[in-house]
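Contents: one structure, followed by commentary.
Nothing in this text is a laboratory measurement; each read-out follows from the coordinates by a stated rule. Bear in mind the structure is a predicted one, so any value in this text is a computation, not a measurement. Cβ placement follows ideal geometry from the backbone for every residue including glycine, while neighbour counts extend to all protein chains displayed.
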Amino acid sequence: MSEEQTATTTAPVLEVQRRKVANVFRGAPWIFPNAVRNGPDEPGLLKVVTETGRFVGWADYNPQAPVPGRLLSRGEDWPGEEVWLRLRLQSALERRMRLGYSFGGGGVRLVNGEGDGMPGLVIDAYGTTMVYDFYTRAMRERGELIVQILKPQFSDYHHVMRMGRDAAEREHCEPLEPATTEIIFGENGLCFQAQLDASQKTGFYLDQRDNRRFIARCAAGRRVLDLFAYHAAFSLSALAAGARSALAVDSSTEALATAMKDAERNGLSLMTSEADVFSSLPEIAKHGPFDMIICDPPKMAPSRKHREKGLGAYRRLCRQCLPMLGQGGLLLLSSCSQAIDTDDLRGILGQISSRQRLALDVVAITHQPADHPWPVGFLTGRYLSTVIVERRGQM
C-alpha cells in the first residue's frame with residue numbers, strides 16, 4: 001500500500017451534520033463550529049464525513065479557530081501534502097497566465113485563498129518579492145514547503161513569509177513577522193511602496209488596481225479628494241494622469257508618510273491631511289467643490305451582525321460627500337465587506353441623492369479583479385464592491 005493510500009485509510013475523521021454543511025455541498029469551503037459532531041482535540045488534516053458516513057472531503061481542522069474546518073479537496077483519495085500543494089500552486093500560476101497577468105515588476109496576486117483552492121493562504125508578488133501571507137495555522141506550518149515549491153520558478157525573487165497578529169490570534173498561534181518590511185514595485189507606470197509590517201493585507205491594496213486605472217483615465221484637470229487614503233494610491237494615480245490637485249485624508253501618520261514618500265519618488269505634488277474623515281468632512285467641505293471624490297473606507301461591517309451600523313456609516317458619508325461633488329464630478333464608493341455589497345451602496349446613493357435633489361448616474365460597478373477569484377458558491381469570497389457615479393446636475 002502506498003503512503004498516500006495509507007494516509008487515506010488511516011486519517012483521523014471529522015464527523016459533521018449533513019444539514020449544517022449544505023453550504024459545503026453548494027461549493028463553499030468553510031465548516032463552521034455548529035456543523036461539527038465529533039472531531040479530535042488537536043488540529044490537523046482530517047477526512048470529513050457526515051453522520052451517515054457520506055464523504056465530504058479533506059479539510060484542515062483547528063478546533064480553536066472561529067472557522068474550524070477549511071476544505072482542501074473533494075477527492076476521495078488524499079494525494080499527500082507535497083503533491084497537493086504542487087498541483088494547486090501550478091494551477092494558480094497557470095490561471096494568472098491565462099488571464100493575461102505577468103510577473104516581474106508589478107503587483108499580482110498569485111494565490112487568493114479559497115478562490116484557488118488553498119484556504120488560509122494568500123501569495124502576492126510585488127516586483128521581485130513574493131509575499132506569503134498565512135491566515136490559518138495549517139498553512140503557516142506548510143510555509144517552508146510552499147516556498148520550496150515556488151522558488152525554482154521564481155529563483156530571482158525574494159521570498160518573505162508573514163502572519164498578521166489578528167490571524168494568529170484567531171488561530172491560537174504566534175504571529176510571523178517578515179524579515180523584509182518595505183518593497184518597491186510598479187503599477188500603471190508608477191512606483192509604490194508596500195509595507196509588509198502593516199495590518200492591511202500584505203501591505204498594499206492590489207484589489208483596487210483596476211479601479212485606480214479607471215480613475216486615472218478620468219482624472220485630467222480634476223480636483224481630487226481621497227478619503228481614507230492610506231498610502232494615497234488613488235491620489236497618486238490621478239495626479240500622474242493629469243489631475244489638477246489631490247488631497248489625501250487619513251488618520252494614520254505612518255500611512256501618510258509613506259504616501260508622501262511615494263509622491264516624491266514619482267515626482268508628484270500631493271497634499272495630505274491627518275484627520276478622522278467623519279469629523280473633518282465639514283471643514284474639508286469649505287475647500288470644495290471637488291471634481292472627483294474617492295471614498296474607500298476600512299471594513300465597516302466585519303460580519304452580518306455589524307451590517308446596520310455599517311450601512312449607517314455609509315449613509316453619513318454620502319450625506320456629506322455628495323454636496324461637495326461638483327457638476328460632472330465622479331464619486332467612487334467602495335465596501336471591502338461582503339455584508340455590504342453594490343446593491344447596498346447603490347441604494348444608499350439613490351436615497352441620499354433623492355433627498356438632496358441631485359441627479360446621479362451610475363457609470364461603473366466593479367468587484368475585485370480577476371487575480372482575486374472566489375468560488376461561485378462562496379459569497380464571502382466576493383468581498384470588494386464598488387459603485388462609481390457621476391453627478392449630472394440637479395433633479
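Structure values in brief
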{"quantity": "Total lysine pairs whose alpha carbons fall under 24 Å of each other in the chain (8 or more apart, or interchain)", "calculated": "8"}
{"quantity": "Vicinal HN-Hα couplings computed from phi for segment 273-281 (Karplus, 6.51 cos²θ - 1.76 cosθ + 1.60; Hz; Gly/Pro x)", "calculated": "9, 7, 6, 6, 4, 4, 7, 8, 4"}
{"quantity": "Amide H contacts under 5 Å for residue 130, placed H, 5+ residues apart", "calculated": "158, 159, 160"}
{"quantity": "Surrounding net charge for residue 29, when Lys and Arg each add one and Asp and Glu each subtract one, Cβ distance under 13 Å", "calculated": "+1"}
{"quantity": "Computed [θ] at 222 nm, helices only, for the chain once each DSSP H run of length n ≥ 4 contributes -39500 (n - 2.57)", "calculated": "-9000 deg cm²/dmol"}
{"quantity": "Cβ-based net charge around residue 180, under 12 Å, with every Lys or Arg adding one and every Asp or Glu removing one", "calculated": "-2"}
{"quantity": "Dipole axis of segment 213-278 (+1 Lys, Arg; -1 Asp, Glu on Cβ), positive-most option in 247, 259, 224", "calculated": "224"}
{"quantity": "Distance-filtered residues of segment 358-375 - backbone nitrogen under 20 Å, label point 7 angstrom along residue 319 Cα→Cβ", "calculated": "358-360"}
{"quantity": "Positive-end residue, the chain charge dipole about Cα centroid, Cβ charges, pick of 338, 52, 102", "calculated": "338"}
{"quantity": "Placed amide H near residue 73: partners under 5 Å, 5+ positions off or other chain", "calculated": "58"}
{"quantity": "Between helix 307-321 and the chain: long-axis angle, C-alpha atoms, 0 to 90°, nearest 10", "calculated": "20"}
{"quantity": "Under the Karplus curve 6.51 cos²θ - 1.76 cosθ + 1.60, θ = phi - 60°, whole-Hz ³J(HN,Hα) for segment 344-349, x wherever Gly or Pro sits", "calculated": "5, 5, 4, x, 5, 4"}
{"quantity": "Fully extended contour minus Cα-Cα distance, from residue 141 to residue 362, at 0.36 nm per residue", "calculated": "75.0 nm"}
{"quantity": "Separation between Cα centres of segment 181-196 and segment 12-78, rounded to whole Å", "calculated": "39"}
{"quantity": "Relative contact order computed over segment 1-146 (Cα-Cα under 8 Å; 6+ residues apart), in percent", "calculated": "16"}
{"quantity": "The chain, relative contact order [Cα under 8 Å, separation at least 6], %", "calculated": "11"}
{"quantity": "Test item: Cα-centred dipole of segment 214-324, Lys/Arg +1 and Asp/Glu -1 on Cβ, debye", "calculated": "560"}
{"quantity": "Relative frequency of Cα-Cα separations exceeding 21 Å in segment 100-179, percent", "calculated": "24"}
